[in-house]
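The values are calculated or read from the model by the stated rules, or taken from the named source; none is laboratory data. What you are looking at is a predicted structure, and each value in this text was computed from that prediction instead of being measured. Using ideal geometry, Cβ is built from the backbone for each residue, glycine included, and neighbour counts are taken over all protein chains shown.
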Amino acid sequence: MNCRTTFYQNSFLPTVISEWNSLPQDVRCNPLKFTLNNYINRDIKKVPSYYNTGCRKGQILHARLRLKCSGLDKHLFQKNIILSSLCICVQVESSKHYLLECYNYRLIWTQTISTLPRYNIQKLLMSGSELISDEENENSCTKFYFGDFGS
């Protein structure tokens, strides 16, 4: 599109026209909004279903651990909220330490870890594993975060 000024060329209308013209012909010619949305969102990664497993409070706590926004001392220390990142057992209180190493929580994780698939346990608990099905990921999250030790 020919524009008289650079300012106008970089504005909304010429940019939208250029972007529209760069779409594949089958997307531009299809009158369905669904087709355009699918094309635009084709590279967006879907949120795994197992992130929505269990009670709402558990989902929130799990998300905070994944996003490093939890009440763990390491996360608070990184935001300059507290002066030390150390747990009461004098180790850095990271997600891994909290979930797998701290002796204060040993009873919880020893009961649960033995029931989980033998993959990278920390990655499995934080964000799931691509090596197992969504159902197995969901079961692992449910068992560990929501106390379902029965199966």
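Observations
- Restricted to the range 1-52, the set of helices (runs of 4 or more DSSP H) holding at least 2 residues that are within 30 Å of A63 (Cβ to Cβ) and either without any contact (Cβ under 8 Å) to a residue 60 or more places away in the chain or of a type outside the set (A, V, I, L, M) (or both) comprises 33-40.
- The set of residues from the range 74-106 being in contact (Cβ under 8 Å) with a residue 12 or more places away in the chain and among the hydroxyl-bearing types (S, T, Y) comprises S85, S94, S95, Y98, Y103.
- Only one entry of L125, L99, L76, L61 meets the criterion of being under 22 Å from S140 (Cβ atoms), in a helix (DSSP H, G or I) and either out of contact with any helix residue (DSSP H, G or I) (no Cβ under 6 Å at 6 or more places or on another chain) or modelled with pLDDT of 85 or more (or both), and that entry is L61.
- Tallying residues that are β-branched (V, I, T) and either surrounded by 15 or more Cβ atoms within 10 Å (Cβ to Cβ) or within 12 Å of K74 (Cβ to Cβ) (or both) within the range 85-107 yields 1.
- Residues in the range 64-73 that are surrounded by fewer than 19 Cβ atoms within 10 Å (Cβ to Cβ), in contact (Cβ under 8 Å) with a residue 24 or more places away in the chain and assigned to a helix (DSSP H, G or I): R66 alone.
- In the set (1) closer than 14 Å to M126 by Cα; (2) touching a Phe, Trp or Tyr at 6+ places or on another chain (Cβ under 7 Å), P14 fails one condition alone, (1).
- Any pair with Cβ under 6 angstrom, 6 or more apart, that starts in the range 122-151 at a residue that is closer than 21 Å to R56 by Cβ and ends at one that is part of a helix (DSSP H, G or I) and modelled with pLDDT under 70: L125/F144; K143/T112; F144/T112; F149/Q111
- Subset of the range 1-40 (residues that are at pLDDT below 85 and surrounded by fewer than 10 Cβ atoms within 10 Å (Cβ to Cβ)): N2, P31, L32, K33, F34
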